[in-house]
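Worksheet: one structure, shown below.
The values are calculated or read from the model by the stated rules, or taken from the named source; none is laboratory data. Treat the numbers as computed from the prediction; the structure is a model and nothing was measured. Note that each Cβ is placed from the backbone with ideal geometry, even for glycine, and that neighbours are counted across all protein chains shown. Side chains included, ligands, DNA and RNA excluded: accessible areas come from the protein's heavy atoms. Shrake-Rupley method; radii C 1.70, N 1.55, O 1.52, S 1.80 Å.
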Amino acid sequence: MAGVQDRVALVTGGAQGIGEAIATRLAADGAKVAVLDLNADAASATATRIGAGAIGIGADVSKADQVEAAVERVVAEFGALHILVNNAGVLRDNMLFKMSEDDWDTVMNVHLKGAFLCSRAAQVHMVQAHYGRIVTMSSTSALGNRGQANYATAKAGLQGFTKTLAIELGQFGITANAIAPGFIETAMTKATAERIGSTIEEMRERVAATIPVRRGGVPADIANTAAFFAGEESGYVTGQVIYVDGGRGLL
Ligand code: NAP
């Protein structure tokens, strides 16, 4: 099966949540996987859980030297880099009048600069191989979300980034696509629930009541879409954003 068999994938923010689910799915589909995360031990622990020769790498996606070193390590270990999943993310939610410059800069640095640095480093190897798949995590928050002026801006920016990569890199056999998840149950959404004095169960129920599929999302829902974009057969699909949100806004 073509798919991602024997392809080399780097998943940022891959130690937990959506990133872990994507890394696990790509490995199960036959890819050689590198899990990159801020915490090297967490990245390695996840790689061990995944098995199949996966490796863990500690790096901050917002630091150019660390990103370059991480990409070089992947290529040194596996001999190539075919699939990049720009997934690392943080929240610094606050209403605009309370949002600090640090809240703004941190979110821009991890999401926007991180995706830029990782994609720039990865494309060198993809262009050489005349093959690549770049999958970037946007969000339904790109459409605007109360308390997330920073995050919504970054996630909307990543859609423009994705379309531009599609334009520039298509001629080299590289596709670039984005996934915009709705509510997905992870440490990130648990922290949000706690911050607003709720529980993840209450949050899940509230979201489920407003969408056609009547359930909360799970990381595997996003991994499934990522696997589609990452596959060899998806080479005619580029510059797209798929909203994986249970039909949010349709009711
Ligand atoms: P998560 O559970 O918090 O996982 C994110 C991972 O990224 C964490 O392991 C985190 O490490 C890591 N990370 C943070 N900053 C990093 C950096 N500078 N360099 C490298 N790694 C870094 O979040 P998630 O819910 O799986 O979200 C994954 C992606 O999907 C994010 O881009 C998020 O914005 C997006 N998304 C999520 C949802 C949702 O409902 N969950 C919805 C839409 C979009 P630490 O834990 O050490 O900080």
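Table for the structure above
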{"item": "So Ile174, is it over 19 Å from Ile18 (Cβ atoms), of a type in the set (Val, Ile, Thr) and surrounded by 22 or more Cβ atoms within 10 Å (Cβ to Cβ)", "result": "yes"}
{"item": "Enumeration of residues in segment 56-97 that are in a strand (DSSP E or B), open to solvent by less than 20 Å² (accessible area, probe 1.4 Å) and more than 15 Å from the ligand (Cβ to nearest atom)", "result": "Ile83"}
{"item": "Selection status of Phe172, within 15 Å of the ligand (Cβ to nearest atom) and assigned by TED's automatic domain parsing to the domain that holds Val124", "result": "no"}
{"item": "Residues (loosely packed, with under 13 Cβ neighbours inside 10 Å and under 30 Å from Gln5 (Cβ atoms)) located in segment 190-236", "result": "Glu233, Tyr236"}
{"item": "Residue check, Leu26 open to solvent by 10 Å² or more (accessible area, probe 1.4 Å) and under 17 Å from the mean Cα position of the chain (by Cα)", "result": "no"}
{"item": "Index of the failed condition, Glu194 passing every other in (1) near the ligand (Cβ under 8 Å from one of its atoms); (2) without any contact (Cβ under 8 Å) to a residue 40 or more places away in the chain", "result": "(1)"}
{"item": "Criterion (without any contact (Cβ under 8 Å) to a residue 40 or more places away in the chain, away from the ligand (no atom under 13 Å from the Cβ) and small (Gly, Ala, Ser)) met by exactly one of Gly235, Gly217, Gly249", "result": "Gly249"}
